[in-house]
Amino acid sequence: MPKVLISDALSETAVQIFRARGIDVEYAPELGKDRDRLIAAIGEFDGLAVRSATKASAPVIKAGKNLKVIGRAGIGVDNIDLPAATAAGVVVMNTPYGNAITTAEHAIALMFALARQIPQANESTHAGRWEKNRFMGVELYGKTLGIIGCGNIGSIVADRAIGMKMHVIAYDPFLTDGRAVELGVEKVELDELLKRADIISLHAPLTEQTRNILSAENIARTKKGVFIVNCARGGLIDEDALKDALDSGHVAGAGLDVFAVEPANEHPLFGHERVVATPHLGASTREAQENVAIQIAEQMADFLLRGAVTNALNMPSITAEEAPKLRPYIKLAENLGLFAGQLTETSIRAIEVVYAGAAAKLNTRPLTAAAVAGVLKPILSEVNVVNAPVIAKERGVAIAETYRDDAENFESVIRLRIVTERQDRAAAGALFGATPRIVNIKGVEMEAGFAPHMLYVTNEDKPGFIGALGQTLGAAGVNIATFNLGRSAPGADAIALIAVDEPVSEAVLARVRALPHVKQAKPLTFNGW
């Protein structure tokens, strides 16, 4: 009989679910705050269920000799050493959707608090001042709400706002026209959202692309008198720039549930008369805590009893027998996705994966998930091979698989095609032994490996261009590891895929883009290539 330890305060319902499924469960929330006792106890358990108090560190995982799964009742897993768990073969699961409604409602609550100055009026009234004329609010009815990040939580906020007769505009690189129509929102680019929105609500993940998405420059582009609400991640806003905009009156108010550094025991925005602040309460409701407890208990029980994997952060759905054979194909599919995803700048409508030759006879579900995860990862850092298909579906991205017997010049080929609003993008790859390589880009045959840092250049095929490109990189101190070329026809479009030793800086990119005949130049990154 599997044994599970619950080392955090979790709903009694989770205990009941484990026992009903025939799993021996020990409820000991005091262990989550005592690392030594947790290390001493964990060795006999197959599963560990936690919230945020338990630190599932490398020593704890190492002590878990029988540990097979760690389940986080919630979305954040910063209290779990994911690399250590992966190295130990321990599956890490979370419940990314259990808090969605609660977080969305908190964002709506902050909007009302800002619009009607409820916290300030409450404090004044309790003090006996009765300052009725001081607190002149604004209606949300008829106002334009700009949502940055229209995924699971953002779409719920949109639904609630539409019910309040607000006009909702949304910016999300993965929001398709069809999904926008389904949600009843107007899809816009970021610049337009900044100019038009009366209220801006952030619901994007924190990635390198979204960090400080409300920078000083972007805040300056907003309407005077805008309200800003953030229940997502603190790093999405330049907090110093926000304070300046609040001080000047350009931003009428900010409702903040998250901060760049947490816990935030002190902050320049604390005490500001235009700021409503809460201590990361987005998921703090009885219903949400019950939901995540139920979900993690069911997920862990399914895994321990049936081998089913749901919302795992570090494991694709692959049997032990399949793993050695599929591993290089998974890496090939993921790298093809990363390649195409880093070059895609408009909303994605569809992703098609074609398996030809021997690849068509494999268990392709984890391969497709890896490809989709690669496509989405440049924007959504938390995406993985398990949740990528779900995230794609939420954003209205169609996923298709095609199988062909003939792999042409190779034993097996994986072809990836991305359909965007403006164009199609295609790439193909094959295994050379167990090493993934690109063999075709946009119909141009070439052969290139993947490297941690690469430069992708498309240009007109003209004499002297290769020398000029190499000279430009050399003059900038960029060391070239490999230089691979292909062209569609003499004098037509050509492609260069260059592996370099270090990331290509923006300054170097600007010089490359300024070269005659260059159509596009993009840096590429392949972590764990």
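The values are calculated or read from the model by the stated rules, or taken from the named source; none is laboratory data. Because the structure is predicted, anything quoted here is derived from the model rather than measured. Ideal geometry is used to build each Cβ from the backbone, glycine not excepted, and the neighbour counts take in all protein chains shown.
Kindly evaluate Y355 against the criterion of being of a type in the set (S, T, Y) and assigned to a helix (DSSP H, G or I).
On the way: of a type in the set (S, T, Y): yes; assigned to a helix (DSSP H, G or I): no.
Judged against the criteria, Y355 is not a match.
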Answer yes or no as to whether K462 is among the basic types (K, R) and either within 35 Å of the chain's Cα centre (by Cα) or outside the structural domain of R513 (by TED's automatic domain parsing) (or both). no
Log entry, pairs with first residue in region 360-376 being touching a residue at least 40 places away in the same chain (Cβ under 8 Å), second being among the acidic types (D, E) and not in a loop (DSSP other than H, G, I, E, B), beta carbons closer than 6 Å, six or more apart or on different chains, reads A370/E334; G374/E334
Going through region 244-266 in order, the residues found to be more than 27 Å from the chain's Cα centre (by Cα) and not hydroxyl-bearing (S, T, Y) are D244, A245, L246, D247, G249, H250, V251, A252, G253, N265, E266
Note on region 478-505: residues aliphatic (A, V, I, L, M), exposed (fewer than 15 other Cβ atoms within 10 Å of the Cβ) and outside any strand (DSSP E or B) are A489, A492
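Please work out if I162 is of a type outside the set (G, A, S) and either assigned by TED's automatic domain parsing to the domain that holds I61 or under 18 Å from the mean Cα position of the chain (by Cα) (or both).
Numbers: of a type outside the set (G, A, S): yes; either assigned by TED's automatic domain parsing to the domain that holds I61 or under 18 Å from the mean Cα position of the chain (by Cα) (or both): no.
So I162 fails the test.
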field: Test: residue in region 120-134 that is assigned by TED's automatic domain parsing to the domain that holds I237, part of a loop (DSSP other than H, G, I, E, B) and buried (at least 19 other Cβ atoms within 10 Å of the Cβ)
entry: no
Over region 421-475, the set of residues assigned to a loop (DSSP other than H, G, I, E, B) and buried (at least 20 other Cβ atoms within 10 Å of the Cβ) is F450
Of the residues that make up region 209-216, is at least one in a helix (DSSP H, G or I) and of a type outside the set (V, I, T)? yes
Here the residues within region 19-48 that are in contact (Cβ under 8 Å) with a residue 24 or more places away in the chain, closer than 18 Å to M1 by Cβ, out of contact with any Lys or Arg (no Cβ under 8 Å at 6 or more places or on another chain) and not β-branched (V, I, T) are R21, G22, A41, L48
Of the candidates R395, R404, R417, R437, the one satisfying the condition of being of a type in the set (K, R) and modelled with pLDDT under 90 is R395
F432 passes all but one of the listed conditions (1) in contact with a Phe, Trp or Tyr (Cβ under 8 Å, 6 or more places away or on another chain); (2) assigned by TED's automatic domain parsing to the domain that holds L362; the exception is number (1)
Verdict on V419 being under 17 Å from L175 (Cβ atoms) and within 18 Å of the chain's Cα centre (by Cα):
no
Among helices (runs of 4 or more DSSP H) completely within region 1-104, the ones holding 2 or more residues that are farther than 18 Å from N291 by Cα and under 30 Å from the mean Cα position of the chain (by Cα) are 58-63, 82-87
Among residues of region 263-275 being farther than 20 Å from S215 by Cα and not polar (S, T, N, Q), the residue modelled with the lowest pLDDT is P263
Here the qualifying pairs (Cβ atoms under 8 Å; residues six or more apart or on different chains; first in region 230-244 and without any contact (Cβ under 8 Å) to a residue 60 or more places away in the chain; second in a helix (DSSP H, G or I)) come out as N230/L236; D238/A216; D238/I219; D240/A216; A241/A216; A241/I219; L242/I219; D244/A216
Of those in region 201-213 that are touching a residue at least 40 places away in the same chain (Cβ under 8 Å) and within 14 Å of V258 (Cα to Cα), the residue farthest from the chain's Cα centre (by Cα) is S201
Selection from region 2-49 of residues among the basic types (K, R), more than 22 Å from A88 (Cβ to Cβ) and at pLDDT 95 or above yields R19, R21
All conditions in (1) assigned to a loop (DSSP other than H, G, I, E, B); (2) buried (at least 16 other Cβ atoms within 10 Å of the Cβ); (3) at negative phi are true of F227 except (1)
Of (1) in contact with a helix residue (DSSP H, G or I) (Cβ under 9 Å, 6 or more places away or on another chain); (2) farther than 22 Å from D198 by Cα, H126 fails just (1)
*asked:* Here is a check on your reading of the model: is E322 within 20 Å of the chain's Cα centre (by Cα) and more than 30 Å from V229 (Cα to Cα)?
replied: no
The one condition A388 fails out of (1) in contact (Cβ under 8 Å) with a residue 40 or more places away in the chain; (2) within 16 Å of the chain's Cα centre (by Cα) is (1)
Here the residues within region 194-208 that are in a helix (DSSP H, G or I), over 17 Å from A241 (Cβ atoms) and touching a strand residue (DSSP E or B) at 6+ places or on another chain (Cβ under 8 Å) are R196
